[in-house]
1. Step through the residues of the range 104-120 one at a time and calculate ³J(HN,Hα) from phi using the Karplus curve (6.51 cos²θ - 1.76 cosθ + 1.60, θ = phi - 60°), rounding each to whole Hz and writing x for Gly and Pro.
2. For 60, 94, what's the fewest-to-most ordering of other Cβ within 10 Å of each Cβ?
Amino acid sequence: MSTSGSAPSASAPSGSAPSASAPSGSAPSASAPSASAPPQAPETAPASRADHGSIDHRRERIRVQTATHRIEGNVTLARDGFRSRVSDMLNASERDFLTLTDATVTPIAGGPGERHGFLAVARRHIVFAVLADGEQQPS
């Protein structure tokens with residue numbers, strides 16, 4: 001009986017040791033609030049990559065015209081190489097919409113314009129597109 005008595009006491013310390021190792025294995029997730037700084041750092045990194053100040057992208061202000069509206073806004077393009085031109089974006093067959101930010105929509109027939117922080121224009125409705133750099137061509 002003392003053998004069975006020592007077995008439970010041996011189980012208790014053994015149970016303590018595995019639970020000590022189990023909490024240490026689960027302690028990082030249980031104590032994640034105190035150790036959460038490293039996991040939160042990667043979570044904030046993707047948000048900063050989504051920032052428009054990315055070195056891999058640039059903004060270009062363009063003006064597009066549909067049958068009924070003139071729209072001016074910013075498009076985001078690759079800084080260099082593949083898909084770095086406005087014409088590349090307009091000719092991309094896998095894109096059905098052109099995404100503009102800080103957009104102004106003005107009816108061609110006249111009337112007040114509207115400002116929108118985000119606007120998606122169906123590519124098939126675009127009649128023409130030009131850079132809206134503000135420079136006038138000499139007449």
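Derivation of every value follows stated rules applied to the coordinates shown; laboratory data play no part. Predicted, not measured: the structure shown is a model, and the values here were computed from it. Glycine also receives a Cβ, built like all others from the backbone with ideal geometry; neighbour counts cover every protein chain displayed.
1. Coupling constants for the range 104-120: 10, 10, 10, x, 5, 6, x, x, x, x, 10, 10, 9, x, 9, 8, 10 Hz.
2. 94, 60
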